Amino acid sequence: MGRFIAVAVVAIVVGAILGWRGHRQTFDGVQERFERRPLEFPAKEGSPFEPKIITLEHPDAKANKEKGSAEEAEPKEPAIKSDLGSGFPVNVPAGNSIAPFSPEKAPKVEIINGTLHDFGTMQRRSKKSHTFVVRNIGQSVLDLKVEGSTCKCTIGTLSKEQLKPGEETGITLEWKTETSGTEFGQTAEIRTNDPRQPLIKLTVKGIVVDQLLVEPNVIDMGDFATNEKLVKTLQLYSFADKPVELKNIIWSEKKTADLVKFSYLARDVSAEKDGNFSEAKQVYDVTMEFMPGFPQGKLNEVIRFETDIEKEALLECNVRGNGVGDVTLLGGKNFDLENNILELGTVKKAEGKETKIFISVKGANREKIQLSVASEIPEEALQVTIGEGTPRGESILYPLMITIPKDGPLSNYPGTAVENFGKIVLKYKSESEYELPIYLRLVVSEE
């Protein structure tokens, strides 16, 4: 038993000695690897394995230094710079070294007849086409690729997708004018390998017309003097194959029809006078004259043209503006000067209401102008009177009193549509007789 214990103790001691020696050899190896790091390697504190700054030179340092000195002694080629930006293509030679492509050797695209084609006028639901000519004026092969187009424009097949220096090809666009508007514009995109123009947009635009066209189709007269003669002109174009007869021109408002006179004359179409409409087959010059005495206030009427074309026998042109004269209206916050609308609101029958606005009369004949109330709606629920005038500088102010009497009849003129406005019409005489309307929003109720 004693012998067994002695053998075990010896084995433990021997194992401990061998283990310590192995650990020491491992630590020395780690330390040696740390100590073989490059010179000036930063040290860290607080670790038993922290690297030390070695003052002795690495065995390979001398050789590396001599090699580096030799390389520095050799002259280096300057870096090639390009002024074409980062998108310029590069060649990748053998060995995966990247060399910038020389600008002088790049392909260069030129659209000989321009990237925009204005076709002027086209009849609606018709087709046209245009060929853009592309030339390579660069020093290497130019690649072309169709990227796409808008839905109403079709690109024909490219006759060539690669152009050598000096070569050219055509890119044909075809379009159909299915639009309901008058202005037409479509584009197509062509991708190239020209670093200056990687994407080219080709555009066609113009004006789409029916067989007949009025130009302009809206006449905006702005503020116009109702006591002076005013002349406006417009054109009626025909794109029909057969001659078109203009039968009649009608002013939509019967009350003022006698104050608007029309005349027209057929003439030859010319590029100088008719511009974008020079492809028309026929044109009428139409003259519209507004005679003195036209009512003041907002104007929004229509001119109608009757022709002998069955499907398009009626054409229209809108006329808008604001008639002003020597007599104008002035009011407060409840009066809309632009539209001549007076807001009276809801009035209780038992209370009634009074309000006042002013009439301003100016001009050389201001003292001779005679004012009167021509009509009023609702007549039974309104009392309208014009007071004595007061001189104010170069004008005379007349008060216009509007009264909704107590216990008067019920009325409903909310002004939510043209037909349910109340209305006061003033009349005045100068060289001619004029009318000045005032529109009312008025509801007279029991409560």
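The values are calculated or read from the model by the stated rules, or taken from the named source; none is laboratory data. Every value quoted in this text rests on a predicted model; they were computed, and no experiment measured them. Positions of Cβ are backbone-derived with ideal geometry, glycine not excepted, and every protein chain shown enters the neighbour counts. Ligands, DNA and RNA are stripped out before the accessible areas are found, and what is left, the full protein with its side chains, is counted by its heavy atoms. Shrake-Rupley method; radii C 1.70, N 1.55, O 1.52, S 1.80 Å.
Taking the Cα centre as origin and putting +1 on Lys and Arg beta-carbons and -1 on Asp and Glu beta-carbons, what dipole magnitude results for the stretch 192-245, to the nearest 20 debye?
It works out to roughly 300 debye.
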Query raised in the report: So for the pair Lys145, Val425, with labels modelled 7 Å out along Cα→Cβ, what separation do we get in nm?
Result: 7.3 nm
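A 30 angstrom limit on the alpha carbon distance is what I want to check against. Which of Lys127/Lys242; Lys105/Lys205; Lys273/Lys429; Lys232/Lys281; Lys176/Lys242 exceed it?
Lys105/Lys205; Lys273/Lys429
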Query raised in the report: Given R₀ = 45 Å, FRET efficiency for Asn412-Glu272 by Cβ-Cβ distance, to 0.05?
Result: 0.15
Query raised in the report: Quick one: how many Å² of Ser140 are accessible to a 1.4 Å probe, rounded to 10?
Result: 30 Å²
Report summary line: Counting only protein heavy atoms and leaving out ligands, DNA and RNA, the solvent-accessible surface of Phe335 at a 1.4 Å probe, in Å² to the nearest 10, equals 20 Å²
Requested in this report: Mind checking the full-extension length gain between Arg191 and Thr131? Use 0.36 nm per residue of separation minus the Cα-Cα distance, one decimal, nm.
Outcome: 19.9 nm
Query - Accessible area of Tyr413 in the full protein assembly, 1.4 Å probe (Å², nearest 10) - result: 60 Å²
Report task. Quickly work out the Glu351-to-Lys368 label distance, labels modelled 7 Å from Cα along the C-beta direction, and quote it in nm with one decimal. Result -> 4.7 nm
Report summary line: Length gained if Asp308 through Asp118 is fully extended, taking 0.36 nm per residue and subtracting the Cα-Cα distance, is 65.3 nm
Report task. Compare Ile309, Ile377 by solvent-accessible area with a 1.4 Å probe and give them largest first, with all protein chains kept in place. Result -> Ile377, Ile309
Query raised in the report: Once you wrap a convex hull around the alpha carbon atoms of the stretch 329-447, what is its projected area averaged over all directions, in nm²?
Result: 7.7 nm²
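Rounded to the nearest 0.05, what FRET efficiency do Thr385 and Lys254 have when you use their Cβ-Cβ distance and R0 = 51 Å? Don't skip to the answer; put the middle values down first.
Working: r = 30 Å, r/R0 = 0.59.
After rounding to 0.05, the efficiency reads 0.95.
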